[in-house]
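The values are calculated or read from the model by the stated rules, or taken from the named source; none is laboratory data. The model shown is predicted, which means the values in this text are computed figures rather than measured ones. As a convention, Cβ positions derive from the backbone with ideal geometry for all residues, glycine included, and neighbour counts pool all protein chains shown. Accessible surface areas use protein heavy atoms only, side chains included; no ligands, DNA or RNA. Shrake-Rupley method; radii C 1.70, N 1.55, O 1.52, S 1.80 Å.
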Amino acid sequence: MIKTLKRLTLTLAISVAVICACAFAAACNKEDDAPTGDSYVITVLYPDGKAVNGLTDGTGGVKPGSDGEAGTFVQVQFCDADNESVCYRKLNLGADGKLSIDANELENALSGASNFAVHLTGLPKGYTYDNNYTVSKTSKTLTINLKNV
């Protein structure tokens, strides 16, 4: 009886350890920054095709966590394409020139809008862009190519 109880306890302990190891491994392999099919992804490039570093190349924005301290950010803002006065907060472009935002978050914030005008602020000096870019539920990725002034 004691032998059977020891075997059962050992088998149970090994099973729990294997389950915990598998769960931990699955959690560690998750890529939190990878955009999903349910995200809007904006990429901003210089005329030569190099990604704009949204954290250091810009001329505007506010440092995250500061009390309004100016930063050197390029920021992206989404507005309802049908009502440009309704906009979502400005978001910092990443160091890789990309911004990814969850589709549900954006659509809910803008009262269910499905077409969004995309605006850039804090562009690097000497650059501009065509201000007529949009994304929608059917076209969630966009590359904006900057132009020399």
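Quick notes on this structure:
- Condition check for Y129: of a type in the set (F, W, Y) and open to solvent by 40 Å² or more (accessible area, probe 1.4 Å): no
- Only a single item in (1) surrounded by 13 or more Cβ atoms within 10 Å (Cβ to Cβ); (2) modelled with pLDDT under 90 is not met by D57, and it is number (2).
- Candidate set from the range 65-81 (those that are modelled with pLDDT under 90 and not in a strand (DSSP E or B)); member that is least open to solvent (accessible area, probe 1.4 Å): S66
- Condition check for D38: of a type in the set (D, E) and either at pLDDT 85 or above or under 18 Å from the mean Cα position of the chain (by Cα) (or both): yes
- Test result for G94, at pLDDT 90 or above, on the phi < 0 side of the Ramachandran plot and in a loop (DSSP other than H, G, I, E, B): yes
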